[in-house]
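Below is one structure, written out as structure tokens, with a few remarks after it.
The values are calculated or read from the model by the stated rules, or taken from the named source; none is laboratory data. Just so we're clear, the structure is a prediction, and the values are computed from it rather than from any experiment. FYI the Cβ positions are ideal-geometry reconstructions off the backbone, even for glycines, and counts take in every protein chain you see.
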Amino acid sequence: MLEHAERLLVGAGGHSVRFSDVFESAGVSRGSAYRIYNGMDDLLQDLAGEWLLNFANFLAAEEPPDPPERWMDLSDYIVERASRYWNRTADVLRVMAGVRAGAQANYRAAARELGDRVAALFDRYFEMPHIPAWRHKIGLYTQICDVALTDAVRSMGYIDDARIAEAQALCRTQLSFYLPTDLPPRRQH
């Protein structure tokens, strides 16, 4: 049903798509559809959660070509990789305006998974000091990246180099409140 919802939403340019349109397109009976979802808003929350989980998988599927020497380089790499995913999924982003605001359990779980993957990247490449509530700080980092990149997709239709540089600067600034400038790199085996 999620694939059909995404296809119908993109085809409608984000305009109204009825829940019945989705379950009929998917070949799912009305009763079964309502056992799975309470309606369109519930389905959209799952679509947003799936989009975020797919991003976490996209981020984890590739590592920097060379181990980063500074945490700022890793941060820039993460934002640049995010911009590729945002550009690749721009049609879905445009039609999901405001969907993620509800933050139901599945979306929160996907956001935690993304935060865990980003935190694991920092831990893989650097000897991380103990930072209270580090996962929450990484969560804010990913939200800053999301806002900067999503705004570009919605306003321009794509993410240009200037927006990537802006998102990188915002993300580095947020982390600079918690990370020392010279964070020791881990020895790579």
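Just one of (1) modelled with pLDDT of 95 or more; (2) surrounded by 14 or more Cβ atoms within 10 Å (Cβ to Cβ); (3) more than 18 Å from the chain's Cα centre (by Cα) fails for PRO185. It is (1).
One line per residue, one yes/no per condition, for (1) within 28 Å of ARG186 (Cα to Cα); (2) without any contact (Cβ under 8 Å) to a residue 12 or more places away in the chain:
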{"site": "TYR34", "(1), (2)": "no, yes"}
{"site": "ASP42", "(1), (2)": "no, no"}
{"site": "LEU47", "(1), (2)": "no, no"}
{"site": "GLU50", "(1), (2)": "no, no"}
{"site": "PRO67", "(1), (2)": "yes, no"}
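The helices (runs of 4 or more DSSP H) falling completely within the range 41-151 that include 3 or more residues that are aromatic (Phe, Trp, Tyr) map to 71-88, 105-125. Within the range 46-55, count every residue that is under 21 Å from SER20 (Cβ atoms) and either crowded, with 21+ Cβ neighbours inside 10 Å or in contact with an Asp or Glu (Cβ under 7 Å, 6 or more places away or on another chain) (or both). Counting residues in the range 46-55 that are under 21 Å from SER20 (Cβ atoms) and either crowded, with 21+ Cβ neighbours inside 10 Å or in contact with an Asp or Glu (Cβ under 7 Å, 6 or more places away or on another chain) (or both) gives 2. State all residues of the range 1-45 that are of a type in the set (Asp, Glu), modelled with pLDDT of 85 or more and buried (at least 16 other Cβ atoms within 10 Å of the Cβ); if no residue qualifies, say none. Within the range 1-45, ASP21 is the sole residue that qualifies. Screening THR142 on (1) surrounded by 12 or more Cβ atoms within 10 Å (Cβ to Cβ); (2) among the polar types (S, T, N, Q); (3) more than 14 Å from ASP76 (Cα to Cα) shows it passes everything except condition (3). Residues of the range 152-162 that are surrounded by fewer than 20 Cβ atoms within 10 Å (Cβ to Cβ) and either of a type in the set (A, V, I, L, M, F, W, C) or assigned to a helix (DSSP H, G or I) (or both): ARG154, SER155, MET156, ASP161, ALA162.
Name the residue that is nearest to the chain's Cα centre (by Cα), counting only residues in the range 1-40 that are within 19 Å of ARG88 (Cα to Cα), in a helix (DSSP H, G or I) and small (Gly, Ala, Ser).
Taking the range 1-40 as the starting set, the residues that turn out to be within 19 Å of ARG88 (Cα to Cα) are 2-14.
If we keep only those that are in a helix (DSSP H, G or I) too, we end up with 2-11.
Subsequent filtering for residues that are small (Gly, Ala, Ser) retains 5, 11.
Numbers: ALA5: 19, GLY11: 22 Å.
Going through the qualifying residues, I end up with ALA5.
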